[in-house]
1. Run ARG14 past the list (1) among the charged types (D, E, K, R); (2) under 27 Å from ASP158 (Cα atoms); (3) surrounded by 14 or more Cβ atoms within 10 Å (Cβ to Cβ) and report the number of the one that doesn't hold.
2. Which pairs do you get when a residue that is in contact (Cβ under 8 Å) with a residue 40 or more places away in the chain, found in the range 136-154, comes within reach of a residue that is loosely packed, with under 13 Cβ neighbours inside 10 Å, reach meaning Cβ atoms under 7 angstrom, with the pair 6+ apart or on two chains?
3. For the range 94-142, enumerate the residues that are of a type in the set (Gly, Ala, Ser) and outside any loop (DSSP other than H, G, I, E, B).
4. Select from the range 28-41 the residues that are under 17 Å from TYR12 (Cα atoms) and either of a type in the set (D, E, K, R) or assigned to a strand (DSSP E or B) (or both) and list them in ascending order.
5. I'd like to know if the range 146-159 contains one or more residues that are of a type in the set (Ser, Thr, Tyr), in a loop (DSSP other than H, G, I, E, B), buried (at least 18 other Cβ atoms within 10 Å of the Cβ) and outside the structural domain of HIS50 (by TED's automatic domain parsing).
6. Name every residue in the range 30-47 that is closer than 23 Å to ALA110 by Cα and in contact (Cβ under 8 Å) with a residue 12 or more places away in the chain, in order of residue number.
Amino acid sequence: MPVQRLNHAVLYVRDVRRSVDFYSAVLGFRQVMAMPGAAFLQAEGSTNDHDLGLFEIGPDAAASPAGRGAVGLYHLAWEVDTLDELERIAGRLAEHGALAGASDHATTKALYAKDPDGLEFEVSWLVPAALLTEDVLARKDRIGRLDLAADKARYGADTPGGIGVSVAAVR
């Protein structure tokens, strides 16, 4: 039986309440369970028991050195359904001073951000398989500047992303 998908991620954070507030305000996660020093969050469109576990280790915790001379997880990526939703989240990230970058990977439109502890994450929309034309596939190894207005004009603001790629095609 092959691995099917990522069920949840767990992060060590300095202040669990601050992190719950951030992930709730910016990405729409909701807290489904808590215990002293820990919280479990579920993404709005998820049926998982929880998608994100947060464990508090205190204000004196060092920053993660991952990617700066040490091994470790670089980032997690969450997928959104539409380009309109990606644009809405870009605004929320910017409003919270968390937006760190945006890229067009041809087949994936991506935002990069950092949470209150400096942990990086990605929010992306995937071009549906039916719209993966030769010109898109020819650029998939190049990173370009994200132009949401142009992408919305090309693919549609409300086109469901990832169909036939990360989400099963409706039969």
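1. Unmet condition: (2).
2. Nothing qualifies.
3. Restricting attention to the range 94-142, the residues satisfying the condition of being of a type in the set (Gly, Ala, Ser) are 94, 97-98, 100-103, 106, 110, 113, 118, 124, 129-130, 138.
Residues satisfying the conditions are ALA94, ALA100, GLY101, ALA102, SER103, ALA110, ALA113, SER124, ALA129, ALA130, ALA138.
4. GLN31, MET33, ALA34, MET35, ALA38, ALA39, PHE40, LEU41
5. Initial filter on the range 146-159 (of a type in the set (Ser, Thr, Tyr)): 155, 159.
From what's left, in a loop (DSSP other than H, G, I, E, B): 159.
Next, from what is left, pick out any that are buried (at least 18 other Cβ atoms within 10 Å of the Cβ): 159.
Narrowing the set further to residues that are outside the structural domain of HIS50 (by TED's automatic domain parsing) leaves 159.
Yes, because at least one residue in the range 146-159 is of a type in the set (Ser, Thr, Tyr), in a loop (DSSP other than H, G, I, E, B), buried (at least 18 other Cβ atoms within 10 Å of the Cβ) and outside the structural domain of HIS50 (by TED's automatic domain parsing).
6. As a first pass, look at the range 30-47 and keep what is closer than 23 Å to ALA110 by Cα: 30, 41-46.
Scanning the range 30-47 gives ARG30, LEU41, GLN42, ALA43, GLU44, GLY45.
The values are calculated or read from the model by the stated rules, or taken from the named source; none is laboratory data. Please read these numbers as outputs of a predicted model, since none were measured by experiment. Virtual Cβ from ideal backbone geometry, glycine too; neighbours counted across all protein chains shown.
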